[in-house]
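S.K.: Structure provided below as structure tokens; questions to follow.
The values are calculated or read from the model by the stated rules, or taken from the named source; none is laboratory data. What you are looking at is a predicted structure, and each value in this text was computed from that prediction instead of being measured. Here Cβ is always computed from backbone atoms with ideal geometry, including for glycine, and neighbour counts include all displayed protein chains. Side chains included, ligands, DNA and RNA excluded: accessible areas come from the protein's heavy atoms. Shrake-Rupley method; radii C 1.70, N 1.55, O 1.52, S 1.80 Å.
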Amino acid sequence: MKIKLPAVALLALIMSGSARAAMLSDAEATFLDQLVTASAVLEQRCAGFEVNGAGSVQLGARLLGSPGAAMAMIDAYSAAIKARDGETYDPGKFRPEVFEVAGKTFKRVRAELIKNPTRACADFGDASAERGLLRRY
């Protein structure tokens with residue numbers, strides 16, 4: 001029986017996912033939650049907000065200890081988005097625990113944004129702007 005290498009790698013990734021899921025630190029979980037919330041605001045096209053890349057890295061550096069750690073989490077989230085969308089991503093940056101937590105957070109925030117867009121856009125957008133992840137325009 002011949003099994004293609006990508007299938008084996010995917011299986012290993014899935015099997016190791018449960019073992020690595022506990023590896024998301026409190027600081028990483030906090031930054032990821034804030035990052036996902038800001039991206040949901042942008043995805044729902046809440047008026048008056050745009051991404052603040054420098055502010056995002058600065059917030060991540062404060063929470064995680066360095067700009068490099070912030071960029072690593074941003075890259076892991078980017079890889080999770082690409083994996084979910086079926087796009088090519090860097091497997092070295094993919095973290096199953098980020099994929100899992102980000103998916104749950106995004107669904108929760110997006111549901112609130114759809115349920116009451118005016119209130120949720122203001123609440124989530126303002127909070128993300130205050131943290132530095134978004135800018136008002």
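S.K.: Return the aspartates and glutamates within reach of Lys82: Cα separation strictly under 13 angstrom, same-chain partners fewer than 8 residues apart disregarded; answer none if there are no such residues.
M.R.: Straight-distance partners of Lys82: Asp90.
S.K.: If you don't mind, another one. From the protein chains alone at 1.4 Å, what is the descending order of accessible area for Arg131, Arg45, largest first?
M.R.: Numbers: Arg131 90, Arg45 205 Å².
So, going from the largest accessible area down, we get Arg45, Arg131.
S.K.: If you take every residue apart from Asp75 with its C-beta less than 13 Å away from the C-beta of Asp75, what net charge results, scoring Lys and Arg +1 and Asp and Glu -1?
M.R.: +1
S.K.: Using the heavy atoms of the protein chains and a 1.4 angstrom probe, tell me the accessible area per residue for the stretch 67-136 in square angstrom.
M.R.: Per-residue value: 57 Å².
S.K.: Would you list, by chain and number, the aspartates and glutamates whose Cα falls below 17 Å from the Cα of Lys104, excluding same-chain residues fewer than 8 positions away?
M.R.: Within the straight-line cut-off, Lys104 pairs with Asp26, Glu28, Asp33, Glu43, Asp85, Glu112.
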